Amino acid sequence: MLIDSTQIVDTFAEAFRLRFARILVTAHDDHWLDAALRAACGYGTSVIGCDAEVGVERRLAPSETPDGRPGGLVLLFAFSAEAVAKAVSNRTGQCLLTCPTTAVFDGMPMEVERAPVGAHVRFFGDGHEKTKVLDGRRFWRIPVMDGEFLVEETVGIAKGIGGGNFIVQGRSLEAALAAARRAVEAIADVPGTITPFPGGVVRSGSKVGSRYEALRASTNEAFCPGLVGRMATSLHPDATACLEIVVDGTTEEAVTTAMAVGMRSAAGPEIPAISAGNYGGKLGKFHFHLRQVLSAS
């Protein structure tokens, strides 16, 4: 199968069931919103070593937010509801409470499963915090140096998917970088998805396990161009560099759409092949076959 001259390898991405929360962050203006979102998403690339995989789902205009200020939706994914709850609470307390002018709202108020956020962060108020109920939703008002920090008491938690992916193989590093950026920019417009790695791109694609017992994951040598000729490779003969795009999503449909949009945007004359990472189908519940993904979207 080809997209223009780019071969779509007959393989699949292996993804996993994750739980996720969606928080809505607002701030006084775009400058402080940017600062809040960067901080809240920091060190949120992979659950291999981070508390959660975190990214901005989309930015919101003032007309779309509860308090009429610029906003952003942040998705946080982890393996369990407890892990998601801990990540949301910690990142709200350390990154959003501390950022000037921010407020935090639940992005999924209709979800039955709930996790405490303001219910934990409120204790920073040292007894001076106040509670407030708006439209049946409880908030906490915590006094801070620029006024008050408004935070919703709980957030909803739902089932999502992590680890949808595809690997862009370029004739040069410059070609792979440009294609990866095109893919990430296109995926940013797909609701319900994030690309949690730096700039949305992974250069250190991994496999499960390692010859070093302490490591849960290690480099995926089949996609390392520096090892071609020393061991079996999965690289196209014309590829000299490759980069992986990992997609987390709220639903299978969202991940499918994001992968299809991303692959189509990445393809081009300087990209001889697009592949994917998997573990033989034995670990992840969800298998996104690249050619089927493109046919379905």
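Since every read-out is calculated from the coordinates, none of them should be taken as a lab result. Remember, it's a predicted structure, so these values are computed and weren't measured experimentally. Neighbour counts run over all protein chains shown; Cβ positions are idealised from the backbone, glycine included.
Would you mind calculating the relative contact order of the chain from Cα pairs under 8 angstrom and at least 6 residues apart, reporting the percent as a whole number?
Working: 721 pairs, mean separation 78.5, N = 297.
Reported as a whole number, the value is 26 percent.
Take every DSSP beta bridge with both residues inside the range 154-244 and express the antiparallel ones as a percent of the total, to the nearest 5.
Just about 90 percent of them are antiparallel.
About the Cα centre of the range 19-158, how large is the charge dipole given +1 on each Lys and Arg Cβ and -1 on each Asp and Glu Cβ? Please answer in debye to the nearest 20.
That gives a dipole near 140 debye.
What net charge do the residues around Asn278 carry, taking every other residue with its C-beta under 10 Å from that of Asn278, with Lys and Arg at +1 and Asp and Glu at -1? Show your work: numbers first, answer last.
Numbers: positive: Lys207, Lys282; negative: Glu14.
Summing Lys and Arg as +1 and Asp and Glu as -1 gives +1.
Roughly how big is the chain's charge dipole about its Cα centre, with Cβ charges of +1 (Lys, Arg) and -1 (Asp, Glu), in debye to the nearest 20? Could you put the intermediate results ahead of the total?
Working: 29 positive and 33 negative charges, 122 e Å.
That gives the chain a dipole magnitude of about 580 debye.
Using each residue's phi in the range 127-136, evaluate 6.51 cos²θ - 1.76 cosθ + 1.60 at θ = phi - 60° and report the 3J(HN,Hα) Karplus result to the nearest Hz, with x for Gly and Pro.
Whole-Hz 3J(HN,Hα) from phi for the range 127-136: x, 9, 5, 10, 9, 8, 10, 10, 6, x.
Enumerate the whole-percent occupancy of each 5 Å bin, from 0 to the last occupied one, for all C-alpha pair distances of the chain.
Bin by bin from 0 Å, the calculated values are 1, 6, 12, 16, 16, 14, 11, 9, 7, 5, 3, 1, 0, 0.
In the Gaussian network model of the chain, springs joining C-alpha atoms below 10 Å, which of Gly127, Gly107, Gly93 carries the largest mean-square fluctuation?
Looking only at Gly127, Gly107, Gly93, the biggest GNM fluctuation is shown by Gly127.
In the Gaussian network model of the chain, springs joining C-alpha atoms below 10 Å, which of Arg211, Arg114, Arg69 carries the largest mean-square fluctuation?
Arg211
Can you spot the lysines whose alpha carbon is less than 28 Å from Lys130's alpha carbon? Ignore those fewer than 8 places along the same chain.
The qualifying lysines are Lys86.
So if I place +1 on the C-beta of Lys and Arg and -1 on the C-beta of Asp and Glu, and nothing else carries charge, what would the dipole magnitude of the range 117-261 be about its Cα centre? I want it in debye, nearest 20.
Details: 15 positive and 17 negative charges, 63 e Å.
So the magnitude is around 300 debye.
Could you grab the relative contact order for the range 19-158? Cα pairs under 8 Å, six or more apart, rounded to a whole percent. Numbers along the way, then the final one.
Values: 315 pairs, mean separation 38.9, N = 140.
Value for the range 19-158: 28 percent.
Please find the FRET efficiency linking Val208 to Gln292, where r is the Cβ-Cβ separation and R0 is fixed at 25 Å, and quote it to the nearest 0.05.
The calculated FRET efficiency here is 0.60.
Which one, Thr256, Thr102, Thr219, has the greatest fluctuation when you compute a Gaussian network model over the chain with C-alpha springs under 10 angstrom?
Thr219
When the Cα atoms of the range 128-245 are enclosed in a convex hull and the volume is divided per residue, what value in Å³ results?
In the range 128-245, the Cα convex hull volume per residue is 212 Å³.
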